[in-house]
Amino acid sequence: MTLLARTSAAARRPAAWLAVVVLAILVVLVAAPLAALVGATIGEDADGAWGDVLASPMSSALLWQPLAGSLLVGIGTGVLSTLVGAFLAWVVVMSDVPGRRAIGVLAAIPFALPSFAIALAWESVFRNDLIGGSPGLLVSLGVPVPDVLAWGPVPVVLTLVAHYYSLSFVLVAAALANVGGDLVAAAELTGASRLRVAGRVVIPVVTPAVLSGFLLAFAEGVSNFAVPALLGLPVRFHTLSTRLYGAISTGDAARGSVLSIVLVVIAGLILLAGGRMTAGRSYSTITGKATRARMTTTGGWRWPLGGLAWIVVAATAIVPGIVLAVSTVLQRTNRLDGGLTLHYWTGESDPGISHGMRGVLRDPAVMQALGGTLALGVTVALGAVVIGTLAAQVVRSLPRARLVGGAIGLLSYVPFLIPGVALGAAFIALFGAPVGPFGSLYGTFWIIVLAGVAASLPFAFQTSKAAIGQVSGELDEAAVLTGASGMRRFGRVTLPLVSRGLVNGGLLVFVTMVRDLSVVVLLVTPATPLLSMMTFRYASEGFAQQANAITLIIAVVSVTATLVARTLGDGRDARRGQDRRPA
């Protein structure tokens, strides 16, 4: 068959036209912003931006010092998050410590919280008088706090670890659950000690999960903006994200675009290196034979290990919420001796308190930001899930069109390599000025939606691909015999079967956008208020009670949606278990 004949035959298939539409959307959301970002650094307006950033008297302040800060934060976050997450995973999956199921539930909560929630809680406790303003609870109680614990890389790393260890926990726990008890028992029958079994059997087979947890925590630590901005910028500790934000927000778009590209390259190299480290090796643990993880009897270490695990999850999942809640009812910032008040929640305007600001629940600006945040989360979740579902359906419907499937997979994965701040800069580079007949989108709600959808594409596509992949092709073939069209088969057969999985994925996208600051920090304007940006602004201006109260609102929304998604997932698993039982 000639190329013309193949093209003519493909053009008669609705799936081919759907593939064209999906590819066009992905080009607009992913490829075009990146191209615009590169173009912004090499045009006439760039004015030697690459030379200024890479090799000039300003390079140290623009690039090398922030780069060193980013690597320090990334490595510290990656290593410590992996250690903490792996320890908790072993406790929950393979040990006999008391309350391990509750530990497992609490260990997953920190990632549902905004990263700046833990940073604000840290500041409320450990802030000292180095930069002025109201000190934290410890100083107000007469306990001195060293500068190294209040500001700079140490608190930045520790708060990021408290947020991102959940990633390593989830990955390593899943891997440990698949280490068959028969495998461990066979090793013990050879007379090997527990330490030798752990080193020769258990650790090697969970290495990919450990490495993946480290790489994800490293990448998230390098690209995180909120925590370094709150705990590092006051003492001029910069990372690439904060330096990039400073450049773009002060109108230095060309140098900011160069920093964005550097940030994207670093994230891509790290993830590529991680992929190469595990390429070509076999870590198979799942076979056709049913087995369960072997429990380790910890004996006299049972209570100490359990106590340590409880301290970790309580300090990261429970204490931050308590600290934030208490701080919002203190009359004086971070001082217990000033009395209690609900003014910061429900108070009317009082010129003597916080420059006359109302309580957050009475403030129209906060309510407007809450509405904008919820609208953004819902819109982005719908957009990302629809595009991800259509992309996954195209890949399934055109199994022989490897080029199309490869292009869709690549464009859907690329946003994962782009840090949020850099992605926001890319959208400004593309949509910040009029394009043809279309006006500038900067300052509108829709540029934030587009950036949010692009940032969520990797998760939405993979979730939809996994859900659609679980539907047997026999069902579609049976529908074909009835004469149903492709659209009708998708709407009547496939979509109802995968709807719960898509809703679950959409809820998690919603949570990500509600608590996100990195993607939106360069795109939000006074015309498009969001709760996360309002929290950052209040915290930067010293309105701690208002910032903490709004953070609690975000946390309640995020945790509630996360629990709903988890309930849907558990319900689906339970039904599958019932379906598999013999009649």
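The values are calculated or read from the model by the stated rules, or taken from the named source; none is laboratory data. The structure displayed is predicted, hence computed values, not measured ones. Here the Cβ positions follow ideal geometry from the backbone for every residue, glycine too, while neighbour counts run over all protein chains shown. For the accessible areas, the whole protein counts, side chains as well, though only heavy atoms, and no ligand, DNA or RNA atoms are used. Shrake-Rupley method; radii C 1.70, N 1.55, O 1.52, S 1.80 Å.
Each residue in region 234-246 was checked for being more than 24 Å from Asn548 (Cβ to Cβ) and either among the charged types (D, E, K, R) or open to solvent by 10 Å² or more (accessible area, probe 1.4 Å) (or both), and 4 of them qualify. Of the residues screened, Gly104 is not one that is in contact with a Phe, Trp or Tyr (Cβ under 9 Å, 6 or more places away or on another chain), surrounded by 23 or more Cβ atoms within 10 Å (Cβ to Cβ) and not in a loop (DSSP other than H, G, I, E, B). For Ser124, indicate whether it is touching a Ser or Thr at 6+ places or on another chain (Cβ under 6 Å), hydroxyl-bearing (Ser, Thr, Tyr) and in contact (Cβ under 8 Å) with a residue 24 or more places away in the chain. Against the criterion (touching a Ser or Thr at 6+ places or on another chain (Cβ under 6 Å), hydroxyl-bearing (Ser, Thr, Tyr) and in contact (Cβ under 8 Å) with a residue 24 or more places away in the chain), Ser124 qualifies.
If the condition is being within 17 Å of Arg488 (Cα to Cα) and among the aliphatic types (A, V, I, L, M), then region 381-391 contributes Val386, Leu390. Within the span defined as region 225-233, one or more residues are modelled with pLDDT of 90 or more, surrounded by fewer than 24 Cβ atoms within 10 Å (Cβ to Cβ) and not polar (S, T, N, Q). When Val509, Val521 are checked against the criterion of being under 17 Å from the mean Cα position of the chain (by Cα) and closer than 30 Å to Arg358 by Cβ, Val521 stands alone in meeting it. Do you know which of the residues in region 475-507 that are closer than 15 Å to Lys465 by Cβ and hydrophobic (A, V, I, L, M, F, W, C) is most open to solvent (accessible area, probe 1.4 Å)? The selected residue is Leu497. Being at pLDDT below 85 and surrounded by fewer than 24 Cβ atoms within 10 Å (Cβ to Cβ) is a property that does not hold for Phe445.
Of all the listed residues (Ala24, Ala31, Ala35), the sole one being over 21 Å from the mean Cα position of the chain (by Cα), surrounded by fewer than 14 Cβ atoms within 10 Å (Cβ to Cβ) and modelled with pLDDT of 90 or more is Ala24. Within region 49-57, not a single residue is touching a residue at least 12 places away in the same chain (Cβ under 8 Å), closer than 16 Å to Ala267 by Cβ and open to solvent by 20 Å² or more (accessible area, probe 1.4 Å). Can you spot a residue in region 353-376 that is on the phi < 0 side of the Ramachandran plot and more than 33 Å from the chain's Cα centre (by Cα)? Looking for residues that are on the phi < 0 side of the Ramachandran plot and more than 33 Å from the chain's Cα centre (by Cα), one finds at least one in region 353-376, hence yes. If you go through region 509-516 one residue at a time, do you hit one that is modelled with pLDDT under 85 and either closer than 17 Å to Gly388 by Cβ or out of contact with any helix residue (DSSP H, G or I) (no Cβ under 7 Å at 6 or more places or on another chain) (or both)? No, there is no match, as no residue in region 509-516 is modelled with pLDDT under 85 and either closer than 17 Å to Gly388 by Cβ or out of contact with any helix residue (DSSP H, G or I) (no Cβ under 7 Å at 6 or more places or on another chain) (or both).
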